[in-house]
Each structure stands twice: as C-alpha cells, then as structure tokens.
Amino acid sequence: MGLFDKLLGKKEKAEEAKEELKEGVKEKEQKIIEISKEIKEKDEIIDKGIEEINEKVNMSERLTKSKQGFFAKLKNIFSSKSKISESIYEELEDLLIQSDIGLNMTTKIIEKLEKEVKNKKITETSEVYDLLKELMTNFLITENNKIELKDGELNVILIVGVNGVGKTTTIGKLASKYKKMGKKVLLGAGDTFRAAAVEQLEEWAKRADVDIVKGKEGVDPASVVFDTLTRANEIKADVVIIDTAGRLHNKANLMRELEKINSIIKRKIGEQRYESILVIDGTTGQNGLNQAKEFNEVTNLTGFIVTKLDGTAKGGIVFAVSEELQKPIKFIGLGEKINDLVEFDAREFIAAIFN
C-alpha cells in the first residue's frame with residue numbers, strides 16, 4: 001500500500017470517528033432533552049399537587065370567621081341539648097335566617113330536616129346535626145361547577161357584577177391561574193364607564209403577564225368586546241376574559257348593554273358555549289342574592305363566583321344563590337392574594353365549615 005493510500009485510509013478513519021462522535025453527541029443531547037422533559041412533567045405534577053393541597057388548607061383556614069361565627073352557633077344548638085324538641089327547630093330557623101341563607105331556603109331546610117328526622121326515627125341531637133350537614137350539602141349545585149377549557153377552541157368568559165364586589169380583581173386572578181396552566185390569555189376591558197376599572201385591569205394584566213384590549217373611556221362596551229374577540233382570533237388565544245360595567249341602577253340599560261355584548265360574542269364564536277359568570281360579594285348577604293336575581297333576569301348566567309368569604313362570619317349566601325337560582329358556584333374568593341381564588345367543591349366547603 002502506497003503512502004497516498006495510507007494517508008487516505010487515515011483520513012477516512014478520522015472522518016468515521018468524527019461522525020461517530022457527532023452521533024454520540026446527538027444521542028446525549030436527545031437523552032438530555034428527554035430527561036428535561038420528564039423533570040418538567042414531574043415538576044408540573046408536584047406543583048399541581050402542592051396547589052391542590054394549599055387550596056384545601058386555604059379553604060379551611062380562610063373560613064375561620066364563618067366557622068367561629070354562624071357555624072359555631074349552629075353546632076352549639078345541638079351540642080347544648082340532649083333531646084330533640086320544637087325549640088331546636090325554632091333556634092335553628094332564627095340562626096339560618098341571620099346567616100344570610102334567606103327565608104325561603106330556611107323554610108325548605110327546616111321542613112326537610114323535620115321530615116327526615118321523623119322518617120328515620122332519629123332521637124340523638126348529634127345525629128340531627130349530621131343530617132343537617134348532609135341536607136345542606138345537597139342544596140348546593142354540584143353539576144357544571146367547573147369552568148372547563150376546551151383545547152383548540154377560543155374559551156370566552158364574560159364577567160358581570162356590580163361595582164365593588166371584586167370583579168376586576170377576580171378577572172386578574174383567573175388570568176393568572178390560566179396563564180400558569182400554559183394558556184394564552186387575553187383580557188377585554190369592557191367596563192368603559194369607569195377609568196379606574198380599565199387602569200386596575202391593566203395592572204392585573206401586567207401582574208399575570210397577559211395581553212389586554214381596551215377602548216377609550218366612554219366608548220360603547222360592545223365595541224371593546226368585538227375588538228377583543230377579533231384580537232383573540234388573530235393571536236390564537238386560548239382564553240378570553242371580558243370585564244363589563246358594574247351598573248345596576250337602570251335595569252333597562254343594563255339589559256340592552258348585555259344583550260349587545262352577548263350578541264357580539266355569539267356572532268364571533270358561533271353556537272359554541274361560553275361562560276357568563278356573576279361575581280357576588282359574600283359579605284353583602286341578602287343584597288348579594290338580590291343582585292344575583294336581577295342579573296339572572298337580564299342575562300343567561302352559567303354560574304357564580306362568591307368573593308370575600310374569608311371576611312364574613314355568616315357565609316349563608318353560598319347556599320342561597322345556589323339553591324334559589326339553581327346555578328352552580330364556580331369559584332370562591334378567600335383573600336386578596338393572586339392564588340386566593342379557589343375552585344368551589346360543595347363537599348370540601350361543607351367539611352371546612354362544619355368540622
């Protein structure tokens with residue numbers, strides 16, 4: 001073999017070694033990618049688990065006022081008496097009405113409780129308390145109480161409610177929640193009658209790191225909704241959350257405004273279902289229930305978000321809105337922090353306040 005052939009052979013071997021090295025590097029890079037993916041998936045599972053645990057702890061801890069107020073008094077009615085008597089039902093009726101549950105629902109609860117106690121031949125007051133707990137759980141709507149986001153579709157959430165209930169803050173918390181889930185979120189500043197509302201929503205958009213569409217102060221809210229949905233389609237957003245004006249002093253104007261907004265949403269997304277959610281301040285009691293009834297008359301609500309439940313010693317509004325309007329509660333607000341908006345679960349809520 002000549003010198004040239006030897007040199008050529010060495011060059012070929014060097015090229016082969018180089019290619020093998022490249023392949024080895026590629027394999028290692030692929031393994032690193034796969035390992036990183038596995039770590040990310042595990043981290044997401046751990047984060048989700050921690051979040052769920054925190055929500056459960058949060059609910060029990062943040063409902064302290066209700067637990068020490070209304071529900072402590074409720075438990076005392078049964079623990080202070082050894083026998084079932086008419087006075088128990090009378091005391092219970094008074095307490096339920098005071099708790100913001102309302103007269104209509106209180107009557108339903110008392111009648112149902114008396115009937116069940118008689119049918120089951122219950123004699124111990126502790127058993128009556130357990131029965132009451134079960135009955136009140138059943139009065140809470142448990143179907144469709146989650147906002148289900150559909151992949152590959154534009155999920156629209158219309159938020160309504162009077163000024164001061166925590167509507168804009170709730171939108172910010174929802175935006176943050178969905179952003180953390182990896183969704184592309186867009187906010188629509190449809191409350192064009194209050195400059196402060198737009199500014200507040202802008203601040204929340206920054207905190208949650210999501211985009212926002214706004215119009216000039218005083219423009220038609222429906223035009224902002226149209227622009228928001230147009231923008232959402234352009235950027236291929238997953239979730240659109242729309243704020244609306246919080247005026248209730250003129251029902252006719254409110255109805256026309258919401259009808260226009262609903263009409264535009266339907267025109268832009270077709271027959272696809274969307275959420276229309278009323279935000280209620282949990283500390284306002286029967287006034288909050290009256291607001292719910294008013295809004296339910298002018299728009300097709302799909303559910304409620306009850307805020308500020310950590311600040312009330314009553315908490316009966318949760319039962320009142322769920323039963324009287326037959327619409328589910330989607331979330332409850334348990335504080336001012338961005339993670340203090342918790343998905344509502346009837347049994348967890350009952351367990352948190354009764355135990």
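The values are calculated or read from the model by the stated rules, or taken from the named source; none is laboratory data. These numbers were taken from a predicted model, which means no experiment stands behind them. Using ideal geometry, Cβ is built from the backbone for each residue, glycine included, and neighbour counts are taken over all protein chains shown. The accessibility values were calculated without ligands, DNA or RNA, using every heavy atom of the protein model including side chains. Shrake-Rupley method; radii C 1.70, N 1.55, O 1.52, S 1.80 Å.
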Mind checking which pairs have a first residue in region 335-355 that is without any contact (Cβ under 8 Å) to a residue 24 or more places away in the chain and hydroxyl-bearing (Ser, Thr, Tyr) and a second that is part of a loop (DSSP other than H, G, I, E, B) and crowded, with 19+ Cβ neighbours inside 10 Å, Cβ under 7 Å, 6 or more apart or different chains? none
Meets criteria (touching a helix residue (DSSP H, G or I) at 6+ places or on another chain (Cβ under 8 Å), over 22 Å from residue 169 (Cβ atoms), surrounded by fewer than 19 Cβ atoms within 10 Å (Cβ to Cβ) and of a type outside the set (Asp, Glu)) for residue 296: yes
Give 119, 155, 163, 138 a once-over and let me know the one that is surrounded by fewer than 16 Cβ atoms within 10 Å (Cβ to Cβ), of a type in the set (S, T, N, Q) and farther than 25 Å from residue 347 by Cβ. 163
By residue number, the members of region 154-206 that are in contact with a Gly (Cβ under 8 Å, 6 or more places away or on another chain) and either on the phi > 0 side of the Ramachandran plot or of a type in the set (Phe, Trp, Tyr) (or both) are 161, 164, 166, 193, 204
In region 102-144, what count of residues is obtained for those that are at negative phi and outside any helix (DSSP H, G or I)? 9
Just to verify a result, which residue in region 341-350, among those that are open to solvent by 40 Å² or more (accessible area, probe 1.4 Å) and either of a type in the set (Ser, Thr, Tyr) or part of a helix (DSSP H, G or I) (or both), is nearest to residue 176 (Cα to Cα)? 348
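Results for (1) under 22 Å from residue 329 (Cβ atoms); (2) hydrophobic (A, V, I, L, M, F, W, C); (3) open to solvent by less than 10 Å² (accessible area, probe 1.4 Å); (4) in contact with a Leu (Cβ under 8 Å, 6 or more places away or on another chain), shown as yes or no for each residue.
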{"site": "173", "(1), (2), (3), (4)": "yes, no, no, yes"}
{"site": "192", "(1), (2), (3), (4)": "no, no, yes, no"}
{"site": "195", "(1), (2), (3), (4)": "no, yes, no, no"}
{"site": "198", "(1), (2), (3), (4)": "no, yes, no, no"}
{"site": "201", "(1), (2), (3), (4)": "no, yes, yes, yes"}
{"site": "209", "(1), (2), (3), (4)": "no, no, no, no"}
Matching residues in region 307-348 (among the hydrophobic types (A, V, I, L, M, F, W, C), under 19 Å from residue 97 (Cα atoms) and touching a Gly at 6+ places or on another chain (Cβ under 9 Å)) number 7
Restricting to region 84-106, name every residue that is open to solvent by less than 50 Å² (accessible area, probe 1.4 Å) and either more than 15 Å from residue 74 (Cα to Cα) or not hydrophobic (A, V, I, L, M, F, W, C) (or both). 85, 87, 89, 99, 100, 102, 105, 106
